[in-house]
Amino acid sequence: MGFMGRKSNNMKGEEGGLEAIEGEGASEIDRALSLVGGRPLHLHTIQSYVKRGLSLVEACDSLENETISHLLAAGYGGHFADNSSPGKWSKTQVWKLMVKLSEEGVTEVREDAVVSSLFKGNHEILQSLAQNNIFEFKKKGPHLYVSASPLHLNCYRKIVRDDVTRAHMTRLLKETAVADLKADIVAVETELEHIHLAGTGQGLTARSRALDRTLLDLQNQMAAL
């Protein structure tokens, strides 16, 4: 792993406010507020670090590093040797969702679109990711969105922009794509063999031609990898 308008005055009297870090510069306080987005739990964490003697900059860095460590351990199992993971998901699925939420201006994506495109219709995988505090759900009107806290969104960006992690995941994405294409090719070749053994017929011939086109497309995709 390559990295293993001010609101402070209004928050002084609030539970979990910034009274413990008074005396810090405006830019440091603004950074802390931006990092946690006003989430009380994260504000409390920063506050507790400062009470223990850390500067505000050090407290923010510690919170970021601990969150990144959690995301790497919970989402990726702490390693990139293969596409296995500690949960129902794969590393490539978590990576693609983190990349999506790291895009400029993106802070949420429709839950149904994510389930369809990344998780093959399996809602349980996404629910499990939320239960492990890797992503979270947000209800807006009739729709459910996949999102994250400001802290997590910031950490996603650091993870996906890390050169070492990107190199590992680029390799895993290619390996996974090759494995999936190989499985699809075998399935098509198996069906073609059954058709040939069954003999001729207008329906079988049409299906055989369609499968031949599919097989050629899969082989071209494999060659392009």
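In region 56-66, which residues are open to solvent by 40 Å² or more (accessible area, probe 1.4 Å) and under 15 Å from Ser27 (Cα atoms)? Outline the logic, then answer.
Initial filter on region 56-66 (open to solvent by 40 Å² or more (accessible area, probe 1.4 Å)): 57-58, 61, 65-66.
Hits for region 56-66 are Val57, Glu58, Asp61.
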Cβ-Cβ distance below 6 Å, separation of 6 or more or different chains: which pairs start in region 96-118 with a residue that is part of a loop (DSSP other than H, G, I, E, B) and end on one that is of a type in the set (A, V, I, L, M)?
Ser102/Val160
In region 24-55, the residues that are among the hydroxyl-bearing types (Ser, Thr, Tyr), open to solvent by 60 Å² or more (accessible area, probe 1.4 Å) and more than 18 Å from Tyr156 (Cα to Cα)
Ser27
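Can you spot a residue in region 153-162 that is at pLDDT below 90, open to solvent by 40 Å² or more (accessible area, probe 1.4 Å) and in a helix (DSSP H, G or I)?
Narrowing region 153-162 to residues at pLDDT below 90: none.
No, every residue in region 153-162 fails to be at pLDDT below 90, open to solvent by 40 Å² or more (accessible area, probe 1.4 Å) and in a helix (DSSP H, G or I).
The values are calculated or read from the model by the stated rules, or taken from the named source; none is laboratory data. Just so it is clear, the structure is predicted and the values come from calculations on it, not from any experiment. Cβ sites come from the backbone with ideal geometry, for glycine too, and all protein chains shown count toward neighbours. The accessibility values were calculated without ligands, DNA or RNA, using every heavy atom of the protein model including side chains. Shrake-Rupley method; radii C 1.70, N 1.55, O 1.52, S 1.80 Å.
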